[in-house]
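Scroll down for the structure; my scribbles are underneath it.
The values are calculated or read from the model by the stated rules, or taken from the named source; none is laboratory data. Values in this document were obtained by computation on a predicted structure and should not be read as measured data. Here the Cβ is made from the backbone with ideal geometry for all residues, glycine too, and neighbour counts use every protein chain on show.
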Amino acid sequence: MKLGSDISAVVTGGASGLGEASARQLAKMGVKVSIFDMNADRGQKVADDIGGIFAHVDVSDETSVADGLAKARAAFGQENILVNCAGIAVARKTVSRDRETGAVRGHDLASFSTVLKVNLIGTFNMITQCAVGMLDADPITEDGERGVIVNTASVAATDGQIGQAAYSASKGGVLGMTLPIARDLSRDGIRVCTILPGLFRTPMVEGLPQEAMQKLGSSVPFPARLGEPSEYASLVQHICENGMLNGEAIRLDGAIRMAPK
């Protein structure tokens, strides 16, 4: 796919972090970008910066996504690219003991379900609704390509740490559905890939003390630092442009394999 002003994209979680970097990179290439996020103030600011539009969207809600896509398509036409970056995380052990009372409690089902609902079901919800529109669009390449979908999993999908049961389960689900969805959509010219980022400089990480951030960065084999969101965005661009990338899950992690904690 050749990126330019005749291409439109939807980026979820585009108000910050990896999503924002992806939105800015695609816009830099001339792509018309719609940002879906729950943070209206920040999302609108990014959209204004890049000449895109913003829609307040809960990716786990069918109606919310449908309304967001209707707004995006009214402004820029059928999206050719979907980048799924929206996600949340909780840190909670499967079972834990209260230090003061000694009482043992299990991981509450509500928070576990919420993480899966946003990260996994939300990703699938976006894929299905965007793919329906892409399916009826005219091909945009000689190969008959109609669209590209880029999902965000995590290295936690394969080497999750203590307290990451919910997060790892959700990202493992994203990883697991990549190939079957790519196979489902291949005959209609829609490619699907997933990126598994390692330790990146995102708002969640930047909220840590400087010493903790440096320690995290030094744990990466090479380069021994935190990844920059722009490096994630560069891979998103490459996936969009390289027509042979399909059904693939790509670790972007500096060769790190996460320790138990």
(message) Out of the residues in the range 241-261 meeting the condition of being within 16 Å of the chain's Cα centre (by Cα) and either modelled with pLDDT under 95 or part of a loop (DSSP other than H, G, I, E, B) (or both), tell me which one is farthest from residue 201 (Cα to Cα).
(response) 247
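Looking only at the range 169-217, how many residues end up being of a type in the set (A, V, I, L, M), touching a Gly at 6+ places or on another chain (Cβ under 7 Å) and within 27 Å of residue 146 (Cβ to Cβ)?
From the range 169-217, those of a type in the set (A, V, I, L, M) are 169, 174-175, 177, 179, 181-182, 185, 190, 192, 195-196, 199, 204-205, 208, 212-213, 216; that's our starting set.
Restricting the remaining residues to those that are touching a Gly at 6+ places or on another chain (Cβ under 7 Å) gives 179, 182, 190, 192, 199.
Restricting the remaining residues to those that are within 27 Å of residue 146 (Cβ to Cβ) gives 179, 182, 190, 192.
The qualifying residues number 4.
Could you grab me the full set of residues in the range 78-135 that are of a type in the set (Ser, Thr, Tyr), closer than 27 Å to residue 63 by Cβ and in contact (Cβ under 8 Å) with a residue 24 or more places away in the chain?
The initial filter retains those residues of the range 78-135 that are of a type in the set (Ser, Thr, Tyr), namely 94, 96, 101, 111, 113-114, 123, 128.
After this cut, where a residue has to be closer than 27 Å to residue 63 by Cβ as well, the list is 111, 113-114, 123, 128.
Once the filter is applied, which keeps residues that are of a type in the set (Ser, Thr, Tyr), closer than 27 Å to residue 63 by Cβ and in contact (Cβ under 8 Å) with a residue 24 or more places away in the chain, the range 78-135 yields 111, 114, 123.
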(request) Return yes or no: is residue 54 within 23 Å of residue 29 (Cα to Cα) and in contact with a Lys or Arg (Cβ under 6 Å, 6 or more places away or on another chain)? (result) no
(message) Here's a check for you: in the range 81-95, which residue that is modelled with pLDDT of 95 or more and part of a strand (DSSP E or B) is farthest from the chain's Cα centre (by Cα)?
(response) 81
(message) For the range 193-227, give me each residue that is in contact (Cβ under 8 Å) with a residue 60 or more places away in the chain and of a type in the set (Asp, Glu).
(response) none
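Working carefully through the options 182, 166, find the one that is under 18 Å from residue 87 (Cβ atoms), modelled with pLDDT of 95 or more and crowded, with 18+ Cβ neighbours inside 10 Å.
Answer to the check: 166.
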(message) Take the conditions at pLDDT below 95 and in contact with a helix residue (DSSP H, G or I) (Cβ under 9 Å, 6 or more places away or on another chain) and apply them to residue 205. Does it pass?
(response) yes
(request) Scan the range 76-91 and give yes if some residue there is out of contact with any Ser or Thr (no Cβ under 9 Å at 6 or more places or on another chain), under 19 Å from residue 13 (Cβ atoms) and of a type in the set (Asp, Glu), otherwise no. (result) no
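Yes/no per residue for (1) in contact (Cβ under 8 Å) with a residue 24 or more places away in the chain; (2) out of contact with any strand residue (DSSP E or B) (no Cβ under 6 Å at 6 or more places or on another chain); (3) within 26 Å of residue 231 (Cβ to Cβ); (4) among the hydrophobic types (A, V, I, L, M, F, W, C):
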position: 10; (1), (2), (3), (4): yes, no, yes, yes
position: 30; (1), (2), (3), (4): yes, yes, yes, no
position: 56; (1), (2), (3), (4): no, yes, no, no
position: 63; (1), (2), (3), (4): no, yes, no, no
position: 69; (1), (2), (3), (4): yes, yes, no, yes
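On the basis of being within 30 Å of residue 31 (Cβ to Cβ), in contact with a Lys or Arg (Cβ under 7 Å, 6 or more places away or on another chain) and either among the small types (Gly, Ala, Ser) or part of a strand (DSSP E or B) (or both), does residue 137 make the cut? Spell out the reasoning first.
Details: within 30 Å of residue 31 (Cβ to Cβ): yes; in contact with a Lys or Arg (Cβ under 7 Å, 6 or more places away or on another chain): yes; either among the small types (Gly, Ala, Ser) or part of a strand (DSSP E or B) (or both): yes.
The answer is yes for residue 137.
Listed here are the residues, each with its yes/no results for (1) out of contact with any helix residue (DSSP H, G or I) (no Cβ under 7 Å at 6 or more places or on another chain); (2) of a type in the set (Phe, Trp, Tyr); (3) under 24 Å from residue 8 (Cβ atoms).
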| residue | (1), (2), (3) |
| --- | --- |
| 113 | yes, no, no |
| 128 | yes, no, yes |
| 146 | no, no, yes |
| 155 | yes, no, no |
| 161 | yes, no, no |
| 186 | yes, no, yes |
| 190 | no, no, yes |
| 193 | no, no, yes |
| 215 | yes, no, no |
